[in-house]
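Report on one structure; see the data block that follows.
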Amino acid sequence: MTDSFAVQVRDLCKKFGSFTAVDHVSFEVGKGEIFGFLGANGAGKTTTIRMLCGLLLPTSGIARVAGYDVYTQSDRIKSSIGYMSQKFSLYDDLTVVENVEFYAGIYGLNRDRKTALKRTREESGLGDFWNRLTRDLPLGWKQRLALTCAVLHRPPILFLDEPTSGVDPISRRRFWQTIYDLAEQGTTVFVTTHFMDEAEYCTRLMILYQGRVIALGTPAELKAEYKKPTIQETFIHLVDR
Amino acid sequence: MVSRIAAIMIKEFFHILRDPRSLAIIFLLPIIMILLFGYAITFDIREIPLGLLDHDRSTESRALAQSFAASGYFRIVKILSNPSEIETAIRRREIWAALVIPADFEKSRQTHAVQVVIDGSNANTAIIIGNTAQALLLDYSLTRLQTPMNPLFRIEPRILYNPALKSTNFIVPGLVAVFLLMVCALLTSITIAREKETGTLEQILVSPITALEIIIGKTTPYIILGFLVAVAVLIFAKVVFSVPFRGKPLELMVLSLFYIYASLSIGVFVSTRVRTQQVALMVSLVGTLLPSIFLSGFIYPIASMPHFLRILSLVVPARYYLQIIRGIMLKGIGFNELVWYAAVLFLFGSVLLGISIKSFQTKLEG
Amino acid sequence: MKNDLCIEAVGKRFGAVQALNDVSLNIRPGELFGLIGPDGAGKTTLLRLLTGLLSLDEGGITVAGHALPQELGVVRSLVGYMPQRFSLYPDLSVVENLLFFARLFRVPSDQRHTRMQRLLRFSKLEPFTRRRAQALSGGMKQKLALSCILMHTPQVLLLDEPTTGVDPVSRREFWKILRELRNDGVTLLVTTPYMDEAEQCDRIAFLHQGTIIVEGDPRRLPDSYPAPLVEIRCTDVVRAAQILQDSGAAESVQIFGDRLHVVMTSEAHTSEPLREILRKRGIAVETIRQVDAAIEDLFVHLIRSHP
């Protein structure tokens, strides 16, 4: 396999006991893409992301992330990716800056720490909340902080698992603006979402149904193929049958 | 690697400091436990409430009653006037025993049956009360004998280290061992299980951090916290129970560090095997309290245990710490005699941590 | 039965924070009412006040004619409340969860079975009756949660973000159930972050920083949008948005999926200059037309104008 792809997956499977969560999934994500990953609850999206992040071992199949093999090189993968999980997973009893400093430490970003923190403070727009306890932040700002921590080490690939779940329209817009900026700078973004308007912003989409890929293409291609005006309707058409 | 360990350590300190209520519990729990158990578990009987039914009302009978009261073992709390009152008073728990002196106690010079009625609902205390009364009566009758008798043999016990045979001296260091272990194991087991529950562990696991770094970073702050708890608890034991301190405090503190290390490693070990805080709490409570109370030699001497339990007691860290703490506090022995126990504790902790690191998944399953 | 909700000049404070300030709403019997607003606006606080989980600082609340807090017991028996993080018992099966709630609300035992069957049919959970709640998908969990609170046939339903994290197909099904309940005469107050759901409500109120700023029919509310709005479909909407924003020809530009909504500056009379600006930068415009504002446009506008 070549390294021109950020993510390369072939016949990936994951079984939990007798249940097949991910069933022979194959796809590639090019560098700098915003790759949308759609599916009903329980379709296997989170399982797939966890395998690609080195949190779960696949049952079978091939998967390479940033050119590294998920079976043998998960350490290398972990320094090349940022990950934001469905569940908000920063420390509630720490302040914003303490969370940022913690992740800076975890990723070994101790050189020029001061300037890095200052830059982060400005770029993230979290300045007003900098010394507040994370638990007191509105949800939209928490998500923003989670994203800030996930990209602190400037990973070439970013995995976002329902990053905007429950977030209001304004915060979602701000969040997506950051994602465009990151993609513009060359970051590959792999994102799952239940907001179909967000799906429209992706460069390519993949729809998973009961662990299998049922559609893959640009939003325009998918809408054209199924003759639907929006991704929302395309999705409902494909999944609700 | 250093930066990652430091990051975890700093964060862990923030968690500790942000939660003053839990911090207070960490310090107060062992102290309260030691206070309660220190007073409750005692093998000495003092000031037993005694009823007096004196049918004789003579100088002699008063002298006998007086000798009971003066012994310190009994306190006469109720003067009874007829036998039927004895049972009522015992039933109401006003008295635990009654001394019944017969009517001709002074006049007659025969052997008298002085009766002691004892509440037998607690068999242990009943036996002790019976023995004590027996001894006091014997003592009293010896002093009243016109021709003192010289026994042929006498045992002259000389008791080393705890000459007053105060059981608190024996029990309080044991309590320190038990509850220090409990608190330390709880600390580490909960801190990792909590991160599993909130999902923050998942977020750390996608970074290049290793199991070794997580575990070192998580354990170190608690060694310091555990040490502070140990200091507080030992000062408390010394001040409140006036447990003697014959050896060097500094040596005890240094050796305690090894015990804390072993205790924390139990918590880490538990936390790598469970998913929730609740289970972590249960497992570390039961897993530390029971063995260290029953198998450490705290209450039951190891030498008198069945063979199987004696072997099991070899993996109970409290067993070794009891030797250290009793050795230094009561016997006043020092580092040289005790360093081996510390070595065993260090080995115990390192093996558990080693297994934990080995089995700690930087993945989510398992 | 008059199962309305009356909220009058309600205020609630947490320490120094005024969470709700002078909130008044009249929700009519059998109405599907949507409460929207940014995170931290006070939506959950309001629902908690309505269930008596929090006590009022100012104002008054009556539920179906019963005042809080005096008639809390009656109110609780009339109201079904589904909190944001509804916790079913994950180790109990679908049926066991339902029966637990039936017993909790003292549903007579001769009615339990028929009600359960009806709810299972209604929520399409019939094939999964024996499955443990933890093994259900997100959408099914929410339907089970709703079914649980429907066991005691409440007349008023308070639902706090019931469809957050739920996929579009399951969301559509869930809202179908809500509309059926409304048609049966149940009063519903629902919060949601999804604007397409807000559009399905009979009326909505917009809560921002503890105050209601707008209230009305979601189909007519956007008419109050103050400026002409232009929709542009083109290639590379993200870059196009940036270009228009920088050009100064647009007051604001919002990306809506595959198209842009542009609020023109007041001087501009036609949208033709926009097409020209984009063409110069190599972006081909497919269509450009004036459109009516949607709820989301209004939402964005309202928050921007109430900082």
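The table that follows gives values for the structure above.
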quantity	calculated
Greater than 22 Å apart at Cα, pairs in A:Lys45/A:Lys228; A:Lys45/B:Lys11; A:Lys45/A:Lys87; A:Lys87/B:Lys196	A:Lys45/A:Lys228; A:Lys45/B:Lys11
Relative contact order %, segment C:1-105, counting alpha carbon pairs below 8 Å whose residues are six or more apart	27 percent
Net charge contributed by nearby residues that have their C-beta within less than 15 Å of B:Ile302 (K/R +1, D/E -1)	+3
Under 11 Å, Cβ to Cβ, from A:Glu233 - net charge with Lys/Arg +1 and Asp/Glu -1	+3
Between helix C:295-305 and chain C: long-axis angle, C-alpha atoms, 0 to 90°, nearest 10	70 degrees
Table column - 3J(HN,Hα) (Hz), segment A:203-219, Karplus curve with 6.51, -1.76, 1.60, x for Gly and Pro	6, 9, 10, 10, 10, 9, 9, 6, x, 10, 6, 10, 7, 8, x, 6, x
3J(HN,Hα) from dihedral phi, segment C:145-153, Karplus parametrisation 6.51/-1.76/1.60, rounded to Hz, x for glycine, proline	4, 4, 4, 4, 7, 7, 4, 9, 6
Mean ellipticity per residue at 222 nm, deg cm²/dmol - from DSSP H runs of n ≥ 4 across the protein assembly as shown, formula -39500 (n - 2.57)	-15000 deg cm²/dmol
Sequence-distant lysines (8 or more away, or on other chains) whose Cα lies within less than 19 Å of C:Lys43	A:Lys142, C:Lys12
Relative contact order computed over segment C:223-305 (Cα-Cα under 8 Å; 6+ residues apart), in percent	39 percent
Max mean-square fluctuation residue, GNM over chain C, Cα-Cα springs under 10 Å, options C:Glu251, C:Glu199, C:Glu126	C:Glu251
Sequence of C:Thr129, A:Thr192 once ranked by neighbouring C-beta atoms within 10 Å, starting from the fewest	C:Thr129, A:Thr192
Nonlocal amide H pairs with C:Gly59, under 5 Å, H built at 1.01 Å	C:Gly11
Nonlocal amide H pairs with C:Ser24, under 5 Å, H built at 1.01 Å	C:Ala9, C:Val10, C:Ile212
Peptide-level mean, for C:141-148, of C-beta atoms on other protein chains within 10 Å	0
A:His194, B:His307, C:His301, A:His24 arranged by Cβ crowding within 10 Å, fewest neighbours leading	B:His307, A:His24, C:His301, A:His194
From phi via Karplus (6.51, -1.76, 1.60), per-residue ³J(HN,Hα) for segment B:98-107 in Hz, x at Gly/Pro	10, 9, 10, 9, x, 5, 9, 4, 7, 5
Over the protein assembly as shown, equivalent-ellipsoid semi-axes from the Cα gyration tensor in Å	71, 36, 24
Sorted peptide list for A:212-223, A:57-68, criterion being average Cβ within 10 angstrom, highest first	A:57-68, A:212-223
For C:Gly165, distant residues with modelled amide H under 5 Å away	A:Gly166
Unit charges at the beta carbon, dipole of chain B: most positive-side option, B:Ile16, B:Ile86, B:Tyr39	B:Ile16
Point-to-point label distance, C:Glu286-B:Arg310, nm (Cα→Cβ direction, 7 Å offset)	8.7 nm
Taking chain A and dividing mean pair separation by its residue count, relative contact order in percent (alpha carbons under 8 Å, at least six apart)	27 percent
Number of partner chain Cβ atoms within 10 Å, mean per residue of A:153-162	1
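Every number here is computed from the coordinates shown, using simple stated rules; none is lab data. Predicted model only: the values in this text are computed from it and were never measured. Positions of Cβ are backbone-derived with ideal geometry, glycine not excepted, and every protein chain shown enters the neighbour counts.
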